Amino acid sequence: MFVLGDQLSPSLSSLDGADPAQDVILMCEVMEEASYVHHHKLKIALILSAMRHFSEELREQGFDVHYMSLDSPDNSGSFTGELKRAVSDMKPQRVIVTEAAEWRVLQAMGTWEVGIGIPVEIRVDNRFLCSKFEFQDWARGRRSLTMEYFYRDMRRRTGLLMNGNNPEGGRWNFDAENRKPAKPDLFRPKHAKFDPDKTTRDVLNLVERTFPKNIGSTANFSFAVTRADAEEAARTFVKEFLPNFGETQDAMLSEDPFLNHALLSFYINIGLLDPLALCRQAERAYIEGEAPLNAVEGFIRQIIGWREYIRGIYWLKMPGYEHSNVFKADRPLPGFFWSGDTNMACVSQVITQTIDYAYAHHIQRLMVVGNFSMLAGLDPHAVHEWYLSVYADAFEWVELPNVIGMSQFADGGFMASKPYAASGAYISRMSDYCDGCRYDVSKKTGEDACPFNALYWDFIDRNTAILSKNHRLAQVYSTWRRMDEDKRQSYRKSASSFLTKLGRRERV
Ligand code: FAD
Ligand code: DLZ
Ligand code: SF4
């Protein structure tokens, strides 16, 4: 059995029926995976340390695990190379794998049987609740792939928060009660943190030595790297944060980057936590009166709704989705994406936090960095590679549709019914960032005005041909057309002046 770095689950389909007396498990740290983008140091360290701990877990169950470390002189550097060597050393009768989560690796898997000359059985990844084929069936013949309808099917299918055939509380979605701004709260509990053990410390040294120029620092490492610790993080979330999860879901605070978010995506994505078990845990908190329905429904929707839907979209659209670019945007990423060094307090906060923790929550990713990237016309492929590099939870199957479809609208609206574009007013309403900003959010144009204001209208104006027929933007285009020409010109001028500075790499 060949187990990959995001397959660290005892329930993995490739391990189903495995017999410690005769089966051998192969796991390998390889340069190909560690360098297809310049991953954040914390992301590489999390995956390698969790892999090493999982290999120990398997050994404790009596399995013979062949583990190749990244710095071993024999390491061939690729999954295919390591599999070939293992097959030539051990002469197994067959190889069993669980399908890779990413298109790139699944393509390679498809070549293995011919390459190594023995049967390779590729099993479905049943940690996802909706298989690729079930999603294709759901999508077939629909005019629009609205997440909400997919989510309702998933509720019926799992029975989560269901009362017979009806949704608990009489409604499927309680978002109307969510999404409020937040106030600083010194008494907000702290998320679970874990001190690195010897195995993790070895990995941290390896990562600093091997990837000295990658973004971030391993000094901040406090992730769980074992199932037991990830489960502790999940318990802490459900007890301390879930009750307030919905309310502050869209809020952003300078001094509190995590608010009531789960900080569990990295553990779910590498297999340390089971998504369905986590949802059942959240449901139990509701049944036992420990968390309100709006919070629990909101959390469960993110996992059985958004997470599964995003994966379905990825497999519908690959290959080629990564090159979507409906707006033909081609501006390179500004240098501050790697340093946080910009006068825009919101962008600076989110990027600095990303460098520090390899984490930002959904609205920070969508409405600050993503929104800025789309309004400024940054090349969506470069934006995608940035997201894939900097977040510890970033695997292409989940990152790509979120970036290309949801945040950049680069697929022309296959996924989102309208672009998530917003002026400074939205950021000001949902955060305290504007209080400490060199720009004035209430000013619309000019040197001191919040750049998001002019960029927003410039984006609307320059993409009229693509967006003006979108009925969800009818009001926006009607406002733009009713503006007097001087005002429209001053928006265009302010945006152009900002983008010129950006192009000249001046500090903005
Ligand atoms: P919470 O906000 O507490 O949500 C709970 C869980 O719901 C998450 O752990 C996650 O498993 C799931 N979830 C919520 N929203 C989504 C979503 N849109 N897609 C998939 N799962 C979701 N998520 C990733 O896991 N990897 C990525 O690379 C990634 N890239 C993103 C890029 C952009 C531009 C955007 C807008 C979103 C991206 N997301 C990504 C989705 C979401 O932002 C993260 O899942 C979330 O911020 C993780 O933090 P959390 O565990 O505190 O989540
Ligand atoms: C992301 C990643 C990294 C950085 N390193 C490894 C590795 O050395 N070995 C491994 O098995 N997996 C790694 N991964 C995760 C893989 O990229 C992931 O399993 C594939 O993308 C399949 O989806
Ligand atoms: Fe961001 Fe504009 Fe607010 Fe500054 S004023 S923090 S740039 S939204």
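Rg then Dmax, both in Å and based on the Cα atoms of the stretch 13-123: 14.0, 40. In summary, the stretch 30-93 shows an alpha-carbon radius of gyration equal to 1.23 times the 2.2 N^0.38 Å reference for compact globular proteins.
Could you work out the mean projected area of the convex hull around the alpha carbons of the stretch 107-214, in square nanometres to one decimal?
Mean shadow area of the hull around the Cα atoms is 15.7 nm².
With distances taken between every two different alpha-carbon atoms, the stretch 144-303 has a Kirkwood hydrodynamic radius of 17.5 Å.
Figure legend: label point modelled 7 angstrom from the Cα of E240 along Cα→Cβ; residues of the stretch 247-284 with amide N under 14 Å from it are 257-264. Could you tell me whether the stretch 179-233 comes out rounded, prolate or oblate from its Cα gyration tensor? Rule is a ≥ b ≥ c as square roots of the eigenvalues, rounded for a/c under 1.5, then prolate if a/b exceeds b/c, otherwise oblate. Verdict is oblate for the stretch 179-233.
How would you order 112-119, 444-451, 402-409 from highest to lowest mean count of nearby Cβ atoms within 10 Å?
402-409, 444-451, 112-119
Quick one: pull the percent of accessible area on the chain belonging to carbon and sulfur, 1.4 Å probe, ligands and nucleic acids left out. Ligands and nucleic acids excluded, carbon and sulfur give 49 percent. Using the Cβ-Cβ distance between Q475 and F194 with R0 set to 51 Å, the FRET efficiency from 1/(1 + (r/R0)^6) comes to roughly 0.60. Solvent exposure of the stretch 262-404, expressed per residue, is 27 Å² of accessible area, with all protein chains present and a 1.4 angstrom probe.
The distance from the alpha carbon centre of the stretch 434-508 to that of the stretch 302-334 is 25 Å, rounded to a whole number. Placing unit charges on the Cβ atoms only, positive for Lys and Arg and negative for Asp and Glu, gives the stretch 335-503 a dipole magnitude near 800 debye about its Cα centre.
When the Kirkwood radius is taken over all Cα pairs of the chain, what Stokes-Einstein diffusion coefficient follows at 25 °C and 0.890 mPa s, in µm²/s? Estimated diffusion coefficient is 101 µm²/s. For the residue pairs K193/K418; K418/K487; K193/K501, the alpha carbons lie more than 30 Å apart in K193/K418; K193/K501.
Over the stretch 446-508, accessible surface divided per residue gives 57 Å², non-protein components excluded, 1.4 Å probe.
For the stretch 335-503, the convex hull drawn through the C-alpha positions has a volume of 111 cubic angstrom per residue. By the helix-only formula, in which each DSSP H run with n ≥ 4 contributes -39500 (n - 2.57) and the sum is divided by residues, the chain has a 222 nm mean residue ellipticity of -12500 deg cm²/dmol.
A dipole drawn for the stretch 1-85 from +1 and -1 charges on Cβ atoms has a positive end, and of L42, G77, P20 the residue lying farthest that way is L42.
Rounded to the nearest 20 debye, the dipole magnitude of the stretch 250-308 is 220 debye, with +1 charges on Lys and Arg beta carbons, -1 on Asp and Glu beta carbons, and the Cα centre as origin.
The values are calculated or read from the model by the stated rules, or taken from the named source; none is laboratory data. All of these numbers come straight from a predicted model, not from anything done at the bench. Backbone-built Cβ (ideal geometry, glycine too); neighbour counts: all protein chains shown. For the accessible areas, the whole protein counts, side chains as well, though only heavy atoms, and no ligand, DNA or RNA atoms are used. Shrake-Rupley method; radii C 1.70, N 1.55, O 1.52, S 1.80 Å.
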